[in-house]
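The values are calculated or read from the model by the stated rules, or taken from the named source; none is laboratory data. None of the values given here were measured: they were computed from a predicted structure. Positions of Cβ are generated from backbone atoms using ideal geometry, with glycine treated the same way; all protein chains shown enter the neighbour counts. Heads up: the accessible areas ignore ligands, DNA and RNA and are worked out on the full protein's heavy atoms, side chains in. Shrake-Rupley method; radii C 1.70, N 1.55, O 1.52, S 1.80 Å.
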Amino acid sequence: MYRLDYTNLDMQQVNGIVASGGAPVCASQLCEDLAGKTLKIVTDKLPVEGPVLEYSFDSATQLTVKENGGAPAACAYGALSLKNMVLFSHMVPGTKRGYAVAYNAKTSVATVFEMWFIDDSVNIADAAGGELKAADVPGLQPFICREVQRQCYTGYVEIPGKAPPEQRDKLSLRLENSMILWKEDRGKKRLTTYTSNAFTTFVEIGTPESGDVLTFVSDLLQVNDTTYIHCFGEVEYSGRLSVEVLDISGVKKVGVTMGIDENDEFEYVMYRGKGKFLGRYASFSDFNDRGDQHSDFAKKRLDFSVKGARQSYRPSIMAKKISEQELRELAKDPIISDSDRILREYGENFPIPNVPADTDYCVGKKVAFRGDDGYCVEMEFKTMTQLAYRVGDDAEWHDEIYHPVEIDDDLIILGFYRTGSFPPAALFFAIDFNNGCATCLEFKIGTKYELTDVDTNYHFGCIKADGVAAQRIFRHGFTSELLGRAFTRTWNDNMTSMHIYNSPRSYSWTITNNGEPGTPAYRAGGYVWSSPCDYIKLRDNVYVMNWVQQKWDGLQGLFCMNLKTMHDSGFTLAVHTDGRFLYFKSQGCLSRPAGYIDLSGVYELTNYDTKA
């Protein structure tokens with residue numbers, strides 16, 4: 001999962017690849033609507049001063065362009081039409097720049113996306129004073145050479161003797177959490193969720209990565225009630241940039257992609273798509289928040305007057321890469337369920353007020369877990385928070401702090417860190433004292449990919465305990481029953497997230513921006529990312545969801561959800577993103593249902609019912 005690695009190209013390599021670029025190719029017939037016409041596009045001056053572009057379309061494939069009154073340049077182009085909209089795109093000869101223009105022939109409104117590969121390698125860490133603290137660095141371009149940058153300019157087509165139109169295409173939340181399954185003429189099949197006006201998630205159906213929910217930074221602009229402009233950059237992946245015009249009523253689109261593909265070849269392609277509108281999840285923006293501007297939260301982090309500035313998660317530079325020796329040092333002094341210590345020693349506030357209360361259900365019990373794969377753990381529960389355990393029938397006993405929650409009647413979940421372990425490890429159990437079924441998740445920090453990624457081994461079995469008759473056949477197991485569901489989760493007074501389960505083994509989350517309801521741009525454009533995960537069914541309406549933030553800090557998170565009580569409980573094992581400490585802690589949240597979309601026709605669900 002999430003191991004989509006791309007060559008770290010330098011500028012010389014990028015220059016050589018992009019030099020091969022010409023006109024965009026297209027599997028469908030390009031339109032001829034612009035042939036013989038001239039257009040003068042005047043763009044607005046804020047937040048970044050845009051260009052004046054004068055076009056003469058000599059034919060259906062050749063044009064001449066002047067930028068800001070400069071010398072004319074002849075180049076090839078491609079165009080596709082959709083209702084009143086024409087999307088055309090071209091490179092600027094002799095440069096690594098290009099344009100994609102969405103032109104409304106009915107209103108004379110035009111939105112221009114300038115697209116370019118950066119001209120200089122920028123060491124962000126050095127420029128930021130040697131230490132990067134956030135996902136975005138105002139005033140600095142990303143240092144990823146293969147990544148296509150963009151700037152969106154709104155504007156209009158100048159018509160002599162006629163006043164400029166007052167209308168402009170604007171950022172919008174009107175498509176928030178809509179889901180469409182697209183089929184494109186270039187062979188792609190994409191499950192797309194328009195999570196905000198600043199982020200979009202995709203699942204590439206029918207590919208080796210099918211099942212991975214990928215998150216891309218986006219611009220989503222509204223033309224009218226049925227037409228939108230969607231620009232998305234594959235930040236943290238290939239770096240390609242796409243611009244699309246969407247017709248929501250007819251569920252059709254046209255688009256263009258520019259960038260460097262998986263084979264390190266220049267990709268410049270236009271395409272058509274036909275889709276199926278699957279539905280919408282709930283939206284939690286303020287009733288008066290139309291999303292026509294960036295959120296207050298984003299504007300505090302970013303200087304949008306800097307050309308190319310955009311909201312994005314940049315996991316590759318957010319989390320510190322640590323060595324094995326550093327991990328060994330951290331493992332000597334882990335922080336176990338001690339938020340006060342984290343605040344006192346490291347200044348990090350990890351409030352967990354919504355964790356359910358510990359239960360005394362297990363006190364005095366002796367339980368032996370027997371996994372069907374032979375994995376065995378014995379536990380003796382001395383108090384409500386102290387236990388002794390051993391892994392294997394002949395192993396030594398160890399004392400640990402544990403946290404037990406009765407998530408449903410006679411169904412206990414508990415977790416504890418294995419003090420002295422290396423790689424650092426923890427155990428989670430879900431034990432049903434009604435039928436003896438039990439599940440153990442064995443967590444270890446460190447994989448062959450990243451030292452901070454958490455690896456999970458799943459053990460399904462039963463328990464031996466006084467008064468419990470263990471099942472012979474029935475077990476907990478992986479499930480697809482949560483597919484298509486969405487929930488909000490309130491972790492504390494300052495943080496709520498929305499989880500969308502739009503893949504059998506992956507999901508996305510939107511972090512709700514801080515702010516006061518009723519204020520302008522309260523929540524528009526919440527930050528979005530995604531992770532691989534697994535879903536386990538314990539009982540009807542009771543599930544475990546376990547995820548790892550791969551391609552980021554490697555954090556493991558787990559919670560057990562009871563759809564009757566909507567009070568979730570679980571555990572987190574992780575190395576802090578800045579590498580200062582290792583911790584294991586309880587977590588909990590108050591949940592709300594946020595909608596359901598039937599995805600049964602999108603995936604072959606039987607492939608996901610049992611973990612390979």
Checklist entry - Does region 85-97 hold any residues that are touching a residue at least 24 places away in the same chain (Cβ under 8 Å) and in a loop (DSSP other than H, G, I, E, B), and which are they? => result V92, K96
Checklist outcome for this item: Considering region 187-225, residues that are of a type outside the set (G, A, S), touching a Gly at 6+ places or on another chain (Cβ under 7 Å) and within 23 Å of S249 (Cβ to Cβ), and then whichever is most open to solvent (accessible area, probe 1.4 Å), we arrive at K189
Checklist outcome for this item: Flagged pairs (Cβ under 6 angstrom, 6 or more apart or on separate chains; first in region 217-228, closer than 17 Å to P165 by Cβ; second β-branched (V, I, T) and surrounded by 21 or more Cβ atoms within 10 Å (Cβ to Cβ)) are L221/I229
Checklist entry - Does any residue in region 163-180 that is acidic (D, E) come within less than 9 Å, Cβ to Cβ, of a residue that is open to solvent by less than 50 Å² (accessible area, probe 1.4 Å) and assigned to a loop (DSSP other than H, G, I, E, B) six or more places away or on a different chain, and which pairs are these? => result D169/V223; E176/T195; E176/S196; E176/N197; E176/Y281; E176/S285; E176/G291; E176/A524
Item to check | Complete set of residues in region 20-72 that are among the β-branched types (V, I, T) and under 36 Å from the mean Cα position of the chain (by Cα) | outcome: V25, I41, V42, T43, V48, V52
Checklist entry - Which one is nearest to I336 (Cα to Cα), of the residues in region 377-425 that are in contact with a Cys (Cβ under 8 Å, 6 or more places away or on another chain) and surrounded by fewer than 15 Cβ atoms within 10 Å (Cβ to Cβ)? => result G392
Next on the checklist: Looking at R370 and the list (1) of a type in the set (K, R); (2) part of a loop (DSSP other than H, G, I, E, B); (3) closer than 30 Å to G467 by Cβ, which single condition is not satisfied?
Outcome noted: (2)
Checklist entry - For residues in region 593-612 being of a type outside the set (A, V, I, L, M) and at pLDDT 90 or above, which is surrounded by the most Cβ atoms within 10 Å (Cβ to Cβ)? => result G595
Checklist entry - Taking the condition surrounded by fewer than 17 Cβ atoms within 10 Å (Cβ to Cβ) and either of a type in the set (D, E, K, R) or part of a loop (DSSP other than H, G, I, E, B) (or both), does A357 pass? => result yes
Item to check | Top-ranked residue of region 456-478 - restricted to ones that are in contact with a strand residue (DSSP E or B) (Cβ under 8 Å, 6 or more places away or on another chain) and either open to solvent by 80 Å² or more (accessible area, probe 1.4 Å) or of a type in the set (G, A, S) (or both), ranked as nearest to F429 (Cα to Cα) | outcome: G461
Next on the checklist: Against the condition in contact (Cβ under 8 Å) with a residue 12 or more places away in the chain and of a type in the set (D, E), how does E396 come out, does it pass?
Outcome noted: no
Next on the checklist: Which condition from (1) surrounded by fewer than 21 Cβ atoms within 10 Å (Cβ to Cβ); (2) at pLDDT 95 or above; (3) polar (S, T, N, Q); (4) closer than 28 Å to S305 by Cβ is the one that T95 breaks?
Outcome noted: (2)
Item to check | Subset of region 50-68 (residues that are farther than 22 Å from V148 by Cα, touching a strand residue (DSSP E or B) at 6+ places or on another chain (Cβ under 7 Å) and open to solvent by 10 Å² or more (accessible area, probe 1.4 Å)) | outcome: E54, S56, D58, T61, Q62, T64, K66, N68
Checklist entry - Looking at region 547-592, which of its residues are of a type in the set (F, W, Y) and open to solvent by 20 Å² or more (accessible area, probe 1.4 Å)? => result W552
